[in-house]
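The values are calculated or read from the model by the stated rules, or taken from the named source; none is laboratory data. Computed from a prediction, not measured in an experiment: that's the story for all the values here. FYI the Cβ positions are ideal-geometry reconstructions off the backbone, even for glycines, and counts take in every protein chain you see. The area values use the complete protein model at the heavy-atom level, side chains included, leaving out ligands, DNA and RNA. Shrake-Rupley method; radii C 1.70, N 1.55, O 1.52, S 1.80 Å.
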Amino acid sequence: MSETTFKRDLGLFDGIMLVMGSMIGSGIFIVSADMIRQVGSVGWLIALWVLTAILTTIAAISYGELSALFPKAGGQYVYLKEAYSPRIAFLYGWSFFAVIQTGTIAAVGVAFAKFAAYLYAPLGEQHLLLEIGSFHLTAAQLVAVATIVLLTALNHQGVKKSKGIQSALTVVKVASLLGLLVMGFQAFSSDVWQQNWQDAFVWKQYATETQEWLPLSGLGIGLAVSAALVGSVFSSDAWNGVTFIAAELKNPQRNVGLSLLIGTAAVGFIYVAMNLMYVSVLSAHDLANVPSDRIAIAISEMVFGSHGTVIVALMIMVSTFACNNGLILSGARVYYSMAQDQLFFKQATKLNSQGVPAWALKAQALWAAVLCLTGQYGQLLDFVVSIVLLFYILTIWGIFRLRRKLPHTERPYKAFGFPYLQWFYLACTSLLLVLLFMAKWETCSWGLLIVASGLPVYEFFKRKHTA
């Protein structure tokens, strides 16, 4: 027996845990090393993390208006459909299935396996299991696939079980982050702190080949900032997952927006605090030269000694496992909404006896597993940068369109600071997108090709529906 409607089993706390759990993966432990190599000083490093927190929170409170207006499964897909057209919404949904969500799930699964290899080396990428021509199968890929299958199976059991796992793991990883934060500040060095802040806002870039700091000026500053922001922005991504499960939240008009605001603001605060801790312990030069960019491990070894690696590996395993649970839980609801509009396979509309879109969950897991096995997940995620930013910009601009299109529609919540905060967000993210295309045209153009490849697929589903 199957259900015909979603069950509203999620409360405000569950929504907050989904936002925070989906946002916090492995990025915060790693990306600051490359960011400081790009911009050259701790002042600009902290400033970019603060800017990222502000932009993410502005987007979150803006999505609150849209979620209150359209409290349906599918979230951002629905907002784009209402603001623009089914075609634009489908291009988002297609990109979401092809690479945004599934590629992220694959990459997070492999990140889990990489840190599991700290505890048991045979689980790592170096352990080659099969080689046929250019195809290589490693133990890490199999571990990643196994975690995706396990979490998908758990999500088949209903949203109550999924939320329990998500909330428990998110509480553990936030507590672990706060613990590392406190312990890290205990290793505070006044000499390092003063050294870092002496030239805190001097633009320079680190050349890894020569191990020299080179001055930056003009357009080079803009390109360096865009490259650095990629790390912080996408370490803070996936916050919009709670909008996809609006049909399963109690009082979604209130709780989706509140979950977004509280969750993004809390994570933004933690991320900025973590980076302040980093620069209170390690000099800019040391940050730029941390082995494999694993800053948290370097600091943990300073605080906990030889056990530091194990402690951080366990933290990141919990973090990535919870992150993937949130991604898997929320992602399937987008394909459900597309299928409801007859723009995806009909089977995706079916809910199982536990009230979850079982077929959509399986399809998502299958494609994510394929991406794991191809070994192309890293490259695919590079393409995601331009796609995600493009659709965030379109969605925020959609608020302006919907206020003109539906001026008399009741809005239980209106975006705070409208239109000034939204203009600020659009200006910053549009500039970032332009700079990314200038700096990484080859990568970003692949992102546009992925979006464009959805056009013939859209026509296929349209013709299939009209026939």
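Go through 65-72, 134-141 and give me the packing order, highest mean Cβ count within 10 Å leading.
65-72, 134-141
Rounded if a/c is under 1.5, else prolate if a/b is larger than b/c, else oblate: which is the stretch 164-230, with a ≥ b ≥ c the root eigenvalues of its Cα gyration tensor?
Details: a/c = 3.21, a/b = 1.68, b/c = 1.91.
Since a/c reaches 1.5 but b/c is at least a/b, the shape of the stretch 164-230 is classed as oblate.
Report the local net charge at Leu223: Lys and Arg +1, Asp and Glu -1, summed over other residues whose C-beta lies under 15 Å from its C-beta.
Values: positive: Arg37, Lys204, Lys440; negative: Asp34, Glu442.
Every neighbour counted, the sum reads +1.
Classify the stretch 288-399 as rounded, prolate or oblate from the Cα gyration tensor: take a ≥ b ≥ c as the square roots of its eigenvalues, call it rounded if a/c is under 1.5, otherwise prolate when a/b beats b/c and oblate if not.
Working: a/c = 2.55, a/b = 1.85, b/c = 1.38.
The shape class here is prolate.
Using only the alpha carbons of the chain, determine the length spanned along each of the three principal axes and report them from longest to shortest in whole angstroms.
For the chain, the Cα extents along the three principal axes come out at 68, 52, 43 Å.
Can you give the calculated 222 nm mean residue ellipticity of the chain, where each DSSP H run of n ≥ 4 adds -39,500 (n - 2.57) and the sum is split over every residue, rounded to the nearest 500 deg cm²/dmol? Present the calculation step by step, with values, prior to reporting the outcome.
Values: 20 runs with 329 residues, N = 467.
Here the helix-only value at 222 nm equals -23500 deg cm²/dmol.
Taking only protein heavy atoms and a 1.4 Å probe, what accessible area per residue, in Å², does the stretch 128-274 have with all protein chains in place?
Working: 6540 Å² over 147 residues.
Here the residues of the stretch 128-274 average 44 Å² of exposed surface.
Could you derive backbone 3J(HN,Hα) for the stretch 418-432 from the dihedral phi with the Karplus parameters 6.51, -1.76 and 1.60 (θ = phi - 60°), listing whole Hz in sequence and x where the residue is Gly or Pro?
5, x, 5, 5, 5, 5, 4, 4, 4, 5, 5, 6, 5, 4, 4
Residues with beta-carbon under 14 Å from that of Ile61, excluding Ile61: net charge, scoring Lys, Arg +1 and Asp, Glu -1? Show your work: numbers first, answer last.
On the way: positive: Arg254, Arg411, Lys414; negative: Glu65.
Here the charged neighbours net out to +2.
Excluding residues on the same chain fewer than 8 positions from Lys204, give the lysines whose Cα lies under 25 Å from its Cα.
Cα-Cα hits under 25 Å: Lys440.
Would you check the accessible area of Phe269, probe 1.4 Å, heavy atoms only, in square angstrom rounded to 10?
Number for this one is 150 Å².
What lysines does Lys414 reach when the alpha-carbon gap must be under 19 Å and sequence neighbours fewer than 8 apart in one chain are set aside?
Within reach: Lys72, Lys405.
Once you list every other residue whose beta carbon is under 11 Å from the beta carbon of Arg403, what net charge do they have if Lys and Arg are +1 and Asp and Glu are -1? Intermediate results must be reported in sequence, preceding the final value.
Values: positive: Arg401, Arg404, Lys405, Arg411, Lys414; negative: Glu65.
Result for the local shell: +4.
Whenever you get a sec, line up Val303, Val434 from highest to lowest accessible area (probe 1.4 Å, protein heavy atoms). If you can, show how the numbers build up before the last one.
Working: Val303 40, Val434 80 Å².
Order by accessible area, largest first: Val434, Val303.
With the full set of protein chains in place, find how many percent of the accessible area of the chain is carbon and sulfur; take the probe as 1.4 Å.
Values: 12030 of 18740 Å².
Roughly 64 percent of what the probe reaches on the chain is carbon or sulfur.
Considering only protein heavy atoms, with the full assembly of protein chains and a 1.4 angstrom probe, order Glu301, Glu131 by accessible area, largest first. Each step should come with its number before you reach the end.
On the way: Glu301 90, Glu131 110 Å².
Sorted by accessible area, descending: Glu131, Glu301.
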